[in-house]
Amino acid sequence: MTLRRRMPAARRGAAGFTLIEILVATVLLAAAMTLGFATLRAASAAATRGEQQSQRNERMRAVEGFLRRRIASALPIAYDVVESTGSPVRFTGEPDRIRFVADLPAYLGRGGPHLHDITVVEDDGGLRLQVEFAVVLANEVNAERSPRPPELLAGGLREVKIRYRALDAQNRIGDWEDTWEQSDRMPLQVRIDILDGHGDRWPPLVVSLPQAASYGGFSQVPI
């Protein structure tokens, strides 16, 4: 008579559930890896967005600092003459363009009085803000043989507004105007509002022109 050896019940149960346990562990591992990769992608995207935002902020500060220094250094030097009246042109202010004379630092050019031509130009990528320099001699713009191309300040912008103001007839600070009509003198303040291509509005840039207050006989306007 042959006796069959029976496997203990506990061992049979352990052997029967091994495959199920492996499958469950595999599913849990796959889910954990999926969650981990998703977390890494989210963290990488957040870091990329943060770096891009930091670069935009740095660019914004650089552009605003440049504009503030250049506009604040404007001098009451004529660079043209109105033919009909013979009056000098010291400052041109339009909704999308500013022209004035200021001393140019040596690191930007050859130094001395230069016409600063700051313009807003439309292109395929939106609006761009640029500046161009030209030497001013004897109240005239000296055309160079090989003029430098305009320097790009900021590109891909949605909106740029330039406005001007001075004192009114009652010697009080006036309203912001889109165009500066008194080309023989300078405004007391210039304001530039910029909306970039991402829909972020830059802090309003308001610059006072110290030479305008002394030259035009105006009182100093508060910032």
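Structure summary
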{"item": "Scope the range 135-172; condition among the hydrophobic types (A, V, I, L, M, F, W, C), surrounded by 15 or more Cβ atoms within 10 Å (Cβ to Cβ) and not in a loop (DSSP other than H, G, I, E, B); matching residues", "result": "VAL135, VAL136, VAL141, LEU153, ALA154, LEU157, VAL160, ILE162, LEU167"}
{"item": "Qualifying residue in the range 200-212 (condition: modelled with pLDDT under 90, in a loop (DSSP other than H, G, I, E, B) and surrounded by 15 or more Cβ atoms within 10 Å (Cβ to Cβ))", "result": "no"}
{"item": "ILE71 vs. criteria assigned to a strand (DSSP E or B), surrounded by 21 or more Cβ atoms within 10 Å (Cβ to Cβ) and in contact (Cβ under 8 Å) with a residue 60 or more places away in the chain", "result": "no"}
{"item": "Hey, GLU21 in a helix (DSSP H, G or I) and either at pLDDT 80 or above or loosely packed, with under 10 Cβ neighbours inside 10 Å (or both) or not", "result": "no"}
{"item": "Residues satisfying the stated conditions in the range 81-112, i.e. part of a loop (DSSP other than H, G, I, E, B), touching a residue at least 12 places away in the same chain (Cβ under 8 Å) and over 13 Å from PHE133 (Cα atoms)", "result": "VAL82, SER87, ARG90, PRO95, ASP96"}
{"item": "Qualifying positions in the range 173-182 - within 18 Å of PHE100 (Cβ to Cβ) and not in a loop (DSSP other than H, G, I, E, B)", "result": "GLU177, TRP180"}
{"item": "Single match in GLY86, GLY36 (criterion: on the phi > 0 side of the Ramachandran plot, exposed (fewer than 11 other Cβ atoms within 10 Å of the Cβ) and modelled with pLDDT of 75 or more)", "result": "GLY86"}
{"item": "Any chance THR179 is exposed (fewer than 15 other Cβ atoms within 10 Å of the Cβ), of a type in the set (Ser, Thr, Tyr) and over 29 Å from GLY197 (Cα atoms)", "result": "no"}
{"item": "Selected residue (criterion: modelled with the lowest pLDDT) from residues of the range 171-199 that are over 23 Å from the mean Cα position of the chain (by Cα) and among the hydrophobic types (A, V, I, L, M, F, W, C)", "result": "ILE173"}
{"item": "MET186, sole failed condition from (1) assigned to a strand (DSSP E or B); (2) within 27 Å of MET60 (Cβ to Cβ); (3) in contact with a Pro (Cβ under 8 Å, 6 or more places away or on another chain)", "result": "(1)"}
{"item": "Filter result (part of a strand (DSSP E or B), more than 24 Å from ILE77 (Cβ to Cβ) and of a type outside the set (A, V, I, L, M, F, W, C)) within the range 113-134", "result": "GLU122, ASP123, GLY126, ARG128"}
{"item": "Selection status of LEU104, hydrophobic (A, V, I, L, M, F, W, C), surrounded by 12 or more Cβ atoms within 10 Å (Cβ to Cβ) and either in contact with a Ser or Thr (Cβ under 6 Å, 6 or more places away or on another chain) or farther than 23 Å from VAL89 by Cβ (or both)", "result": "no"}
{"item": "Meets criteria (farther than 20 Å from VAL81 by Cβ and touching a Leu at 6+ places or on another chain (Cβ under 9 Å)) for GLN189", "result": "yes"}
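The values are calculated or read from the model by the stated rules, or taken from the named source; none is laboratory data. Because the structure is predicted, anything quoted here is derived from the model rather than measured. Cβ: placed from backbone, ideal geometry, glycine included. Neighbour counts: every protein chain shown.
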